[in-house]
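A single structure is presented below for examination.
What follows is calculated from the coordinates using simple rules that are stated; it is not laboratory data. What you see is a predicted model; the values in this text were computed from it and never measured. So basically every Cβ, Gly included, is an ideal-geometry build from the backbone, and we count neighbours across all protein chains shown.
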Amino acid sequence: MEIITAVRGFKDILPPETDKWRHIEETAHEVFRAFGYREIRIPLLEKTELFCRGIGESTDIVEKEMYTFLDRGEESLTLRPEATASVIRAYLEHTLHAAETVTKLYTIGPMFRRERPQKGRYRQFHQIDTEILGPDDPRTDAELILMLLHFLGKLGLRDLNLEINSLGCAQCRPAFRGAILSFLHGREEELCGDCRRRLGTNPLRIFDCKVETCAAIISQAPLLPDFLCTGCREHFEKVQACLRLFDQPFHLNAKMVRGLDYYTRTTFEVTSGSLGAQNAVVGGGRYDHLVRDLGGPDISGIGFAIGFERLAAMIPDGDADAVVPGPVLFIAALGETALEKAFLLCNRLRMKGIRAEMDHAGRSLKSQMKRADKLKSLYTLILGEREILENKALLRTMRTSTQEEIGLDRLEETITDLAR
Ligand code: AMP
């Protein structure tokens, strides 16, 4: 019978990759906690309307990438393609804004987009997502970006490229939109079908088009930073000044418009040359109207989403090995009486939090020693029929290949001391 495989674009995360994932998650918890964030866990499934209103009808995500279905023919539901809309839904539903003026939240979990799968691009992928709701000052933007780079640095990542831009606000963006439309006027026929449609819905998105002819046209287009109003310009300059305070290098990328409609003012991406075609690890930005667009009060927000798979791909496997060490003790037991003693000792040690492993089947000593080696155990306890009769066991230090005898009655105590 044929085996059943996973759905295309949906990927299993296997050990030791999961060790790396855990290490990333633990580092995230530690760093974000220090910066005052609290974890939020939100459902994978939401009402479709949330994403249509939140992300924007004319975005690629909403237009063609969502996993949407009618629940028993009644209600349209969607597997979340990103976390920000859901976090804000929860923030409003539970009136978190009433409790505090600054709310810092983060969440880690899977997102779903029906994109064409390729290396670094999946249909179920994971994101580490943070949001700050409340403040709209530029220091908040800089602090969020600095925390992000600190987190990535703590994971050992270097040679990252931070790109920032300002998308302006409701006051200055219409002028830019007008300038783009007049720039493209008369050249509509040269654009791809998607971009022609974008002209009517969201002309800014043309900057994101990967079609060569569109990219060539748009490379001559007017740029957003030249249209910023005084407020937006000052905001953006202050963000940059705060980044410089920390000697944080960055590149201004006037063409970065990001794929989601809700962004205003500061937007940013972190890319890495080591990732190949899908080189964006993090995307984020400020959204000053999203909370209101989702039915809430006039509250500003800013956040970022890190692509977990891409982040994990940048961390060498060896690093995670060091983080998740093998057992302290492997117990190689031979014969029923020894196996029983080993079973008792092994599980008692584990209950004390000491990593211990054994082979319940009691295979040959050679194969058990091989396994101890493979697991990179620090010590191996050899417990055979003869040792039991003599009321002792052999403790082998794997690194030095030396052995010593210890009495059975002192076993647990000795190992516990060793593990300290
Ligand atoms: P976005 O929510 O589109 O701003 O994406 C934020 C980050 O999520 C990107 O920089 C990627 O690292 C990651 N990401 C987005 N889409 C995918 C995907 N289909 N597969 C893997 N990672 C993704």
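Mean separation of Cα pairs under 8 Å and 6+ residues apart, divided by the residue count of the range 253-372: what relative contact order is that in percent?
Contact order relative to length: 16 percent.
For the chain, what does the relative contact order come out to in percent, with C-alpha contacts under 8 Å and a separation of six or more?
Reported relative contact order: 15 percent.
Distance between the C-alpha centers of the range 1-46 and the range 65-131? Whole Å please.
Taking the Cα centre of each part, the range 1-46 and the range 65-131 sit 14 Å apart.
Could you tell me which residue out of 408, 388, 360 lies farthest along the dipole of the range 325-419 toward its positive end? Charges go on the beta carbon: Lys and Arg +1, Asp and Glu -1, centred on the Cα centre.
Selected residue: 360.
Within the range 83-120, which trypsin sites (Lys or Arg not before Pro) sit in a loop by DSSP and count at most 14 neighbouring Cβ atoms inside 10 Å?
119
Which pairs in the list 210/238; 20/210; 352/376 are over 23 Å apart, alpha-carbon to alpha-carbon?
Checking Cα-Cα distances, 210/238; 20/210 exceed 23 Å.
Note the direction-averaged projected area, equal to a quarter of the hull surface, for the Cα convex hull of the range 325-419, in nm².
With the hull built on Cα positions only, its mean projection is 5.3 nm².
Mind listing the long-range amide H neighbours of residue 82? Cut-off is under 5 Å, sequence gap 5 or more, other chains count too, H placed in the peptide plane at 1.01 Å from N.
Here the answer is 112, since their amide H atoms fall under 5 Å of that of residue 82.
While we're looking at this one, here's another question. What ranking do 12, 317 get, fewest neighbouring Cβ atoms within 10 angstrom at the top?
Neighbour counts put them in this order, fewest first: 12, 317.
While we're on this one: DSSP loop chymotrypsin sites (Phe, Trp or Tyr not before Pro) in the range 212-293 with at most 13 other Cβ atoms within 10 Å of their Cβ, which ones?
246
Within 14 Å, Cβ to Cβ, of residue 371, how many net charges do the neighbouring residues add up to if Lys/Arg are +1 and Asp/Glu are -1?
+3
Which longest run of the chain has no exposed loop site in it, a site being GluC sites (Glu not before Pro) in a DSSP loop with at most 14 other beta carbons within 10 Å, and the site itself not part of the run?
Answer - 101-389.
I've got another one for you. Could you work out the equivalent-ellipsoid semi-axes for the chain, taking the square root of 5 times each eigenvalue of the Cα gyration tensor, largest first, in whole Å?
Sorted largest first and rounded, they come to 54, 23, 21 Å.
Which net charge results for the neighbourhood of residue 256, defined as the other residues with beta-carbon distances under 11 angstrom from its beta-carbon, given Lys and Arg at +1 and Asp and Glu at -1?
With Lys, Arg at +1 and Asp, Glu at -1, the net is -1.
What does the charge count around residue 392 come to, taking other residues whose C-beta lies under 13 Å from its C-beta (Lys +1, Arg +1, Asp -1, Glu -1)?
Once all neighbours under 13 Å are counted, the net charge is -3.
Before rounding to the nearest 500, sum -39500 (n - 2.57) across all DSSP H runs of length at least 4 in the chain and divide by the residue total; then give [θ] at 222 nm in deg cm²/dmol.
Rounded to the nearest 500, the figure is -11000 deg cm²/dmol.
Please give the helix 138-154 orientation as an angle from the longest Cα principal axis of the chain, in degrees from 0 to 90, rounded to the nearest 10.
30 degrees
As an exercise, identify the chymotrypsin sites (Phe, Trp or Tyr not before Pro) in the range 93-193 lying in DSSP coil whose Cβ has no more than 12 other Cβ atoms within 10 Å.
Qualifying residues, ordered by number: none.
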